[in-house]
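The values are calculated or read from the model by the stated rules, or taken from the named source; none is laboratory data. Since this is a predicted model, take the numbers as computed values, not measurements. Backbone-built Cβ (ideal geometry, glycine too); neighbour counts: all protein chains shown. These accessible areas exclude ligands, DNA and RNA; they are computed on the full protein's heavy atoms, side chains included. Shrake-Rupley method; radii C 1.70, N 1.55, O 1.52, S 1.80 Å.
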Amino acid sequence: MSRETRTRPAGSERSLHRAYDTALLDLDGVVYAGGQAIAHAVESLGVARADGMHLAYVTNNALRTPDAVAEHLTELGIATAAGDVITSAQAVARLIAEQVPAGSRVLVVGGEGLRVALRERGLVPVDSADEPELAAVVQGYGGPELPWSRFAEASYAIARGVPWYASNTDLTIPSARGIAPGNGAAVEVVRIATGAEPQVAGKPLTPMHRETILRTGAERPLVVGDRLDTDIEGAVNGGVDSLLVLTGVTDAALLLAAEPKYRPTYVDADLRGLLTGQPEVEAVGAGAGAAGFRCGGWTAVAGDGVLELRGAGDGRPMDGLRALCAAAWTQADEGACRLDAGKALSLLGL
């Protein structure tokens, strides 16, 4: 992926699952939601894998072990081995192991996923700030039942100067009942108590991307996600291409307003987009003071503070959205104020 500012979604003559050797897939909002498979996910991933694409599942959730995640995916109908799952617990464990001696004691504020990852790196997980020769504190999502006393243990150690690490700082996490506080909210509790700052490993930061490449050996990876501020920003930071699917957190309006660091290479409705090419978005003349872009049968024009959509689009709303992205992103980069896209998105059913 080019480091230049992206002003329009890219096109691809080849289907994405043949253009890239490895898909680095987020889980919540991409593959499943509330524990259940998202529509078209199982079938699409099955075809991609059968055609030779390596599928790796990359999650900021440090609670579950790779074995548990793989078992869940297999139950959903997506045959997965533990080695195909990369977690922020693994990324932060590697980060710690590179900075402390082998066999060091690490205070854990989190769940089994963190403990397993630390042991894999030759570190010893402990529960008390009073452990002798404590080398680090690590914090990861521990589930809704994590006792408040765990935050106190972390605070006691960090206040003494013990280095602090966090698997990730996602403020929220999706659940079957809605949006719940994530590890980032728990990190804020300890930050307020100590005034310290942790070293963070998870998406969108480079330790997580490095972990995925080391574990998968990907040469032409494609990040597939639903969140702009973790999945897509992580791809931009790692210098690789990305596919945003609209099955999770990000909707069309958020995508149109995306800053350069949040702009995906490709956009599609769901994981069926892995199995197709991507149409080109072409610049067209649209009159004085307006930026016009065509994709499929749609033409998007940005001007006078409004995004306008023209054409029938051959019944393909994603083409219209791609054209709107190009118009909105180009206008934003030229210093124009945010555009009203409500009518255009309503026309697309988005």
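For region 322-330, take each phi angle, set θ = phi - 60°, evaluate the Karplus expression 6.51 cos²θ - 1.76 cosθ + 1.60, and give the result in whole Hz per residue in order, putting x for glycine and proline.
4, 5, 5, 4, 4, 5, 5, 5, 5
Carbon and sulfur: what percent of region 87-186's accessible surface (1.4 Å probe)? Could the numbers behind the result be given before it?
Details: 2350 of 4370 Å².
About 54 percent, which is the carbon plus sulfur part of the accessible surface.
In a Gaussian network model over the chain where Cα atoms closer than 10 Å are linked, find which of Asp304, Asp226, Asp268 has the largest mean-square fluctuation.
Asp304
Per residue, how much accessible area does region 1-75 have with a 1.4 Å probe, in Å²?
Numbers: 3280 Å² over 75 residues.
It amounts to 44 Å² per residue over region 1-75.
Could you tell me which of Gly161, Thr65, Thr265 has its Cα farthest along the dipole of the chain towards the positive end, charges placed at Cβ (Lys, Arg +1; Asp, Glu -1), taken about the Cα centre?
So the residue furthest toward the plus end is Thr265.
Between the helical axis of 148-159 and the dominant principal axis of the chain, each derived from Cα atoms, what acute angle in degrees is found, rounded to the nearest 10?
80
With θ set to phi - 60°, apply the Karplus curve 6.51 cos²θ - 1.76 cosθ + 1.60 along region 190-198 and write out the HN-Hα couplings as whole Hz, x wherever there is a Gly or Pro.
6, 4, 4, 6, 10, x, 8, 10, x
Could I get the Rg over Rh figure for region 192-247? Both from C-alpha atoms, Rh via Kirkwood, rounded to two places.
On the way: Rg = 13.2 Å, Rh = 12.2 Å.
Computed over Cα atoms, the ratio is 1.08.
Rank Pro144, Pro221, Pro174 by mean-square fluctuation in a GNM of the chain with C-alpha springs under 10 angstrom and give only the top-ranked residue.
Its mean-square fluctuation being the largest, the pick is Pro144.
Under a 10 Å cutoff between Cα atoms, tell me which one of Thr74, Thr216, Thr250 has the largest fluctuation in the Gaussian network model of the chain.
Thr74
Please determine, in degrees from 0 to 90 and to the nearest 10, the orientation of helix 88-97 with respect to the longest principal axis defined by the Cα atoms of the chain, where the helix direction is its Cα long axis.
So the helix axis and the longest Cα principal axis differ by about 50 degrees.
For region 1-92, what value does the Rg/Rh ratio take when both radii are computed over Cα atoms and Rh is the Kirkwood radius, given to two decimals? Before the final figure, lay out the partial values.
Values: Rg = 14.5 Å, Rh = 14.4 Å.
Expressed as Rg/Rh, it is 1.00.
Rounded to a whole number of µm²/s, how large is the Stokes-Einstein D of region 68-195 at 37 °C and 0.692 mPa s, given Rh as the Kirkwood radius over C-alpha pairs?
Details: Rh = 15.3 Å.
In µm²/s, the coefficient rounds to 215.
For region 149-305, report the convex hull volume of the alpha-carbon atoms normalised per residue, in Å³, without decimals. If you can, show how the numbers build up before the last one.
Details: hull volume 28.2 nm³, N = 157.
Residue-normalised Cα hull volume stands at 180 Å³.
Give the residue from Ala186, Gly248, Thr216 lying farthest towards the positive end of the charge dipole for region 143-256; charges sit on Cβ (+1 for Lys and Arg, -1 for Asp and Glu) and the dipole is referred to the Cα centre.
Ala186
Determine the gain in length on full extension of the stretch Val306-Thr206; use 0.36 nm per residue of separation and subtract their C-alpha separation, reporting nm with one decimal.
Working: separation 100, 0.36 × 100 = 36.00 nm, distance 3.67 nm.
Contour length minus Cα-Cα distance gives 32.3 nm.
Which whole-number percent of Cα pairs in the chain have a distance greater than 39 Å? Please list the in-between numbers first.
Values: 12475 of 61075 pairs.
Here the tail beyond 39 Å accounts for 20 percent of pairs.
When DSSP beta bridges are limited to those with both residues in the chain, what percentage is antiparallel, rounded to the nearest 5?
40
If you roll a 1.4 Å probe over the heavy atoms of the protein chains, what accessible area per residue do you get for region 117-159, in Å²? It would help to have the intermediate numbers written out before the result.
Details: 2130 Å² over 43 residues.
Here the per-residue accessible area is 50 Å².
Under a 5 Å amide H to amide H cut-off, with H placed in plane at 1.01 Å, what residues pair with Val85 once short-range neighbours are removed?
Tyr57
Order of 87-100, 158-171, 229-242 by packing, highest average Cβ count within 10 Å first?
Numbers: 87-100: 24.4, 158-171: 20.4, 229-242: 22.5.
Packing proxy ranking, top to bottom: 87-100, 229-242, 158-171.
Expressed in nm to one decimal, what extension gain is obtained for the pair Ala159 and Glu280 from 0.36 nm per residue of sequence separation less their Cα-Cα distance?
On the way: separation 121, 0.36 × 121 = 43.56 nm, distance 5.45 nm.
That works out to 38.1 nm of additional length.
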